[in-house]
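Let me begin by presenting the structure, written as structure tokens, before commenting on it.
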Amino acid sequence: MKTVEVIVEHAGNNLSAYIENAPVMTVGNNMKEIEENMKEAIKFYLEDNSNPCEVLQGKFTLKYKIDVATFSGIFTKANIEPDNRN
């Protein structure tokens, strides 16, 4: 069984995800939504295409990869340090 990589990016107020070389993408508010929505998007794509793109042919598992560069402004020192003002 092959592994299909799903790229997850920060998209402003939510997350977006896609599979390279496949016409499948989705959005969600968190990783759980991304995973559920991606499975549904793939299911609909495969139902509508008798000859799917190569990456989605046969049996596969999904592996989610975070595109860290798209999160660059979020993980700043000020955003991740604990608030010790109490």
Inset, instruction - Filter the range 56-86 for residues that are in contact with a Phe, Trp or Tyr (Cβ under 9 Å, 6 or more places away or on another chain) and at pLDDT 95 or above and give the result. - result: L56
Inset, instruction - Scan (1) outside any loop (DSSP other than H, G, I, E, B); (2) over 23 Å from T70 (Cα atoms) for the single condition N51 breaks and write down its number. - result: (1)
Legend entry - Contacts under 7 angstrom Cβ, first residue in the range 4-26 being over 14 Å from A41 (Cβ atoms), partner among the aromatic types (F, W, Y) and open to solvent by less than 70 Å² (accessible area, probe 1.4 Å), 6 or more apart: H10/F71
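The values are calculated or read from the model by the stated rules, or taken from the named source; none is laboratory data. Remember, predicted model here, so these are calculated numbers, not experimental data. Every residue, glycine as well, gets a Cβ built from its backbone with ideal geometry; the counts of neighbours run over all protein chains shown. Just so you know, the surface numbers come from the protein's heavy atoms only, side chains and all, with ligands and any DNA or RNA stripped out. Shrake-Rupley method; radii C 1.70, N 1.55, O 1.52, S 1.80 Å.
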